[in-house]
Amino acid sequence: MQSLGGEGQFIPFAEVYAALERGILDASVTEGLAGNGQRWYEVTDYLVGPIISLGNTSVVINQERWDTLPPDIQHIFLEESERHDRELLAYAVGEWERKAIDENVADGLIHQEFSPEMKRALRDAGINQVIPQCVKRAGGPDSKAAKLFNGKNSPSATFASCPTEPPRSSKRTRDSSPVGGHYDLLVNAPGAGP
């Protein structure tokens, strides 16, 4: 929020309606169907976005138990997880987004799409503030979480902490926010390596 000129507040989800109603909050960020389910349309006028929000379904298993599974079962788990990720993304961007807009507008909200400038500001905030802060909280660019991010997002984006110049195929974005640390996100050109 700060990188977009706002002041974030941490309020339990169940209390957001009352905070909007009383003017404690000017706005709130959530997935459109969740806000509709909480009847935020009764205390707000606009639905701005959409902001695509993906649900999280987890299958959690400890390493010792995982290692006892036959390789074919491990493969099925991994293959189905990847299929689920692809289908969830397609559904969220297609079905959920349209349904959230339609239901909120039907309940009286005015839908305002993000302008190209706002889309750029959101992207920049994610690259320059949100992701670096998450990396810092996770233990830095050499942490398990940062390595997972790099493994899932490379070659399109890779976190590094290095003073060297980026490869010619990359654009380097630097976080120098007061939350600490200088982490570089290399946003690689299509087809370029990490």
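The values are calculated or read from the model by the stated rules, or taken from the named source; none is laboratory data. Please read all numbers here as calculations on a predicted model, not as lab measurements. Cβ: placed from backbone, ideal geometry, glycine included. Neighbour counts: every protein chain shown. Surface areas here come from the heavy atoms of the whole protein model, side chains and all, with no ligands, DNA or RNA. Shrake-Rupley method; radii C 1.70, N 1.55, O 1.52, S 1.80 Å.
Just one residue in the set R39, R98, R137 is of a type outside the set (A, V, I, L, M, F, W, C), closer than 30 Å to A18 by Cβ and modelled with pLDDT of 90 or more; that residue is R39.
With respect to (1) open to solvent by 50 Å² or more (accessible area, probe 1.4 Å); (2) under 25 Å from R123 (Cα atoms), the lone exception for G35 is condition (1).
What number of residues in the stretch 107-128 are assigned to a helix (DSSP H, G or I) and open to solvent by less than 50 Å² (accessible area, probe 1.4 Å)?
5
If a residue must be more than 20 Å from L47 (Cβ to Cβ) and of a type in the set (G, A, S), how many such residues does the stretch 83-107 contain?
Taking the stretch 83-107 as the starting set, the residues that turn out to be more than 20 Å from L47 (Cβ to Cβ) are 83-90.
Still in the running and of a type in the set (G, A, S): 90.
Of the residues in that region, 1 qualify.
For the stretch 131-152, filtering for residues that are surrounded by 14 or more Cβ atoms within 10 Å (Cβ to Cβ) and either at positive phi or touching a residue at least 40 places away in the same chain (Cβ under 8 Å) (or both) leaves 8.
Can you find even one residue in the stretch 3-11 that is closer than 19 Å to V105 by Cβ and open to solvent by 40 Å² or more (accessible area, probe 1.4 Å)? No, the conditions are met nowhere in the stretch 3-11.
Going through R39, R65, R86, R22 one at a time, which residue ends up being of a type in the set (K, R) and at positive phi? After ruling out the rest, the residue left standing is R39. Where helices (runs of 4 or more DSSP H) sit wholly within the stretch 1-72, those with at least 3 residues that are within 18 Å of E97 (Cβ to Cβ) and either under 20 Å from the mean Cα position of the chain (by Cα) or not charged (D, E, K, R) (or both) occupy 32-37.
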